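Everything below concerns the one structure shown next.
The values are calculated or read from the model by the stated rules, or taken from the named source; none is laboratory data. These figures come from a predicted structure and were not determined experimentally. Methodologically, a virtual Cβ is constructed for each residue, glycine included, from the backbone with ideal geometry; neighbour enumeration extends over all protein chains shown. These accessible areas exclude ligands, DNA and RNA; they are computed on the full protein's heavy atoms, side chains included. Shrake-Rupley method; radii C 1.70, N 1.55, O 1.52, S 1.80 Å.
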Amino acid sequence: MTIVTSHTVTPAGGAGNGRVRHLVDQRLGELLDQELARLGFLGEEGVGLVRRHLAAFARDGGKRLRPAFVYWGHRAAGGTAADLGAVLNAACAVELVHVAALLLDDVMDEAPGRRGRPAAHVALAAEHRRAGLRGDPARYGESQTTLLALLALAWADAALLGSGPHLADALGVLTRLRVEVTAGQQLDLAGTAAGADTGRTRTIALYKSAKYTIERPLHLGHAVAGGGPAARRALSAYALPLGEAFQLRDDVLGVFGDPGRTGKPAADLRQGKPNHLVAAARERTGPRGAALLLDAVATEEDVLAARELIVSCGALDAAERRIAALAAQAVGALDALPGLPGDARAALTELTVLATDRSR
């Protein structure tokens, strides 16, 4: 693997985030090739399945926000270029956990697609049908996808083994991240089944997004660098408001988003998911809102009516103001980071914009 000689990587992608993504993609590709090579016992067909539906998904995915936060958490905590291989391994570990979470999330949500293509469980069911295999194709697709997610989690651990001399601390952070996002998903499922008010949706957002997407990845980079407690507290002061803003933006996109841009259907209304924007609209509109928004919305006409109600009651405008205020709070918290390098400040400021962008 190529090791750069400076941690200041600003040539591409604004404040260095484009370069960081390139480095993460490169290292992730190496790790995926390494792990695929260990699966020869599955035979050509089995390895091909893993390559198509896990490795290709991991290679071709998302904005790499969580790996970027790992990288800049490391830099903010005093990490240097000498530790680049270690922090990239940790960043890849977080990305592989995220891959597992997405695969399982699509199964639980019965999602038809992800990132502009059929979801893994849907594609695998289609392969089952085309091949004329025995058993239920849908069940096969879901079962194979669950196993692929478990494999991604195992690969995350394998990646983390290369995270340097502070492995125990790094493993503690990654374990906490996985516990919190799993418990947050349990809260999400319970909220879908029983309904959730704004207090419950904030708790879900804290564990499904604020900690999982931003705080714990920053803490993981901090752990790899062997950072001190003051820097860790300051990173949390930045991460938690930004994480809430990130989830609130996700909630807005879950109601109003364009699937052509986000790569996933705006399905929160149809599925009755515990969306903070929807919960706020219910509280603002009383019985009328409860009648329209409490359960899953079935028809396109109902979707349009629900969106109109959310706008007319002021819930959307309030959410946008809240997102802006939280983002500003996060950027302001960077002033408390002791000795924050200029490139890290610029990158974290840029990530604040990316995490809350309307077209995310």
Length-normalised contact order for region 131-262 - Cα pairs under 8 Å, 6+ apart - percent: 25 percent
Derived scalar couplings ³J(HN,Hα) [region 61-71; Karplus, 6.51 cos²θ - 1.76 cosθ + 1.60; whole Hz; x for Gly, Pro]: x, x, 9, 6, 5, 5, x, 5, 5, 4, 4
Let me know the shape class of region 165-230, please: from the alpha-carbon gyration tensor, a ≥ b ≥ c as square roots of the eigenvalues, rounded when a/c is under 1.5, otherwise prolate if a/b is greater than b/c, or oblate. prolate
At R0 = 22 Å the Cβ-Cβ FRET efficiency linking ASP136 and GLU45, nearest 0.05, sits at 0.65
How would region 118-276 be classified by its alpha-carbon gyration tensor: rounded, prolate or oblate, with rounded meaning a/c under 1.5 and the a/b versus b/c comparison settling the rest? oblate
Just order 53-60, 311-318 by mean Cβ neighbour count inside 10 Å, highest at the front, would you? 53-60, 311-318
Given an 8 Å cut-off on Cα distances and at least 6 residues of separation, report the relative contact order of the chain as a percent. 20 percent
What list of whole percents do you get for P(r) of the chain, with Cα-Cα distances grouped in 10 Å bins up to the one holding the largest distance? 5, 24, 32, 24, 12, 2, 0
Rank LEU148, LEU189, LEU153 by accessible area, highest first, at a 1.4 Å probe radius? LEU189, LEU153, LEU148
With springs only between Cα atoms under 10 Å, which of SER163, SER143, SER236 fluctuates most in a Gaussian network model of the chain? SER143
So, with a 1.4 angstrom probe, what is the percent of accessible area on region 114-195 that is carbon and sulfur? 61 percent
So what is the 222 nm mean residue ellipticity for the chain from helices alone, if each DSSP H run of at least 4 adds -39500 (n - 2.57) and you divide by all residues, rounding to the nearest 500 deg cm²/dmol? -23000 deg cm²/dmol
If r is the Cβ-Cβ distance from ALA318 to ALA168 and R0 is 30 Å, what FRET efficiency results, to the nearest 0.05? 0.10
Estimate the FRET efficiency between ALA56 and ALA305 by the formula 1/(1 + (r/R0)^6), using the beta-carbon distance for r and 45 Å for R0, to the nearest 0.05. 0.70
Over region 152-280, with neighbouring protein chains present, the accessible area per residue in Å² at probe 1.4 Å is 36 Å²
